[in-house]
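J.: Shown below is the structure under consideration.
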Amino acid sequence: MANDIGRSLSYNAAAHAFSFTVNADSQQWFTTLDDENKQVQRRFALPEQVQDYTWVDENHIAYAIGAKVFRRNVSNPTEIQPWYDFAEYCGQISRMNYLNETLAFVCEQRSNEQ
């Protein structure tokens, strides 16, 4: 159904869709597989630094660039909003999960050198 799947893979029960990243055209693309009609749809390119994302609700995903977390509307991908800034605590955020209004993630410890 898809080739060159990246490291993010998720299921959104509210949207009845699996989602994953696909490496294409030297970019990571947010891609969905409709659970009901089995159609794969490459939706939009993620920013260059992004490999990991998490679903926030039926229509939004979150991803991090550095220590900043952004929310993006899947139906209207030009709608991107800053959500959290963890620069005081973290260097680079990776692997993310959002459940019961709680965001969990892995981050590199921020260097004390300034």
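J.: Please name which of Ile61, Cys90, Phe18 has its Cα lying farthest along the dipole of region 5-109 towards the positive end, using unit charges on Cβ (Lys, Arg +1; Asp, Glu -1) and the Cα centre as origin.
T.: Phe18
J.: A further question on this structure: Whole Å is fine, so just give me how far the alpha carbon centre of region 73-114 lies from that of region 1-36.
T.: Region 73-114 and region 1-36 have Cα centres separated by 20 Å.
J.: A further question on this structure: Could the peptides 71-79, 56-64 be put in order, highest first, of the mean number of other beta-carbon atoms found within 10 Å of their residues? Before the final figure, lay out the partial values.
T.: On the way: 71-79: 14.4, 56-64: 20.3.
Ranking the peptides 71-79, 56-64 by packing returns 56-64, 71-79.
J.: Given H placed 1.01 Å from N in the peptide plane, which residues other than close sequence neighbours of Val69 have an amide H under 5 Å from its amide H?
T.: Result for Val69 returns Trp83, Tyr84, Asp85, Phe86.
J.: Can you tell me the dipole magnitude for region 12-76 around its Cα centre, using point charges on the Cβ only (Lys, Arg +1; Asp, Glu -1), in Debye to the nearest 20?
T.: So the dipole magnitude of region 12-76 works out to roughly 180 debye.
J.: Please rank Trp83, Trp55, fewest neighbouring Cβ atoms within 10 Å first, as an exposure proxy.
T.: Listing Trp83, Trp55 from fewest to most nearby Cβ atoms yields Trp83, Trp55.
J.: Using a simple charge model, +1 on the beta-carbon of Lys and Arg, -1 on the beta-carbon of Asp and Glu, nothing else, what dipole does the chain show about its Cα centre, in debye to the nearest 20? Each step should come with its number before you reach the end.
T.: On the way: 9 positive and 15 negative charges, 25 e Å.
The calculated dipole for the chain is roughly 120 debye.
J.: Something else about it: State, to one decimal in nm, how far the label point of Thr78 lies from the label point of Glu101, with both points 7 Å from Cα in the Cβ direction.
T.: 3.2
J.: Also, I was wondering about something else. Roughly how big is region 1-48's charge dipole about its Cα centre, with Cβ charges of +1 (Lys, Arg) and -1 (Asp, Glu), in debye to the nearest 20?
T.: 40
J.: Here are a few candidate values for semi-axes √(5λ) of the Cα gyration tensor in Å: [x] 26, 15, 12; [y] 51, 16, 12; [z] 20, 15, 13. Which one was actually calculated from the structure I just gave you?
T.: Entry [x].
J.: List every residue whose amide H lies under 5 Å from the amide H of His60, counting only residues 5 or more places away in sequence or on a different chain, with H placed 1.01 Å from N in the peptide plane.
T.: Val74
J.: Output wanted: per-residue J couplings in Hz (rounded whole) for region 103-110, from phi through Karplus 6.51 cos²θ - 1.76 cosθ + 1.60, θ = phi - 60°, x for Gly and Pro.
T.: Whole-Hz 3J(HN,Hα) from phi for region 103-110: 9, 10, 7, 9, 9, 6, 5, 5.
J.: Let me ask something else about it. Quick one: which residues, 5 or more positions from Phe44 or on another chain, have an amide H under 5 Å from its amide H? H modelled 1.01 Å from N in the peptide plane, none for Pro or chain starts.
T.: Under 5 Å from the amide H of Phe44 lie the amide H atoms of Phe30, each far enough along the sequence or on another chain.
Values in this text are rule-based calculations from the coordinates and carry no lab data. All figures in this text were calculated on a predicted structure; none of them were measured in a lab. Reconstructed Cβ throughout: ideal geometry from the backbone, glycine too, with neighbour counts over all protein chains shown.
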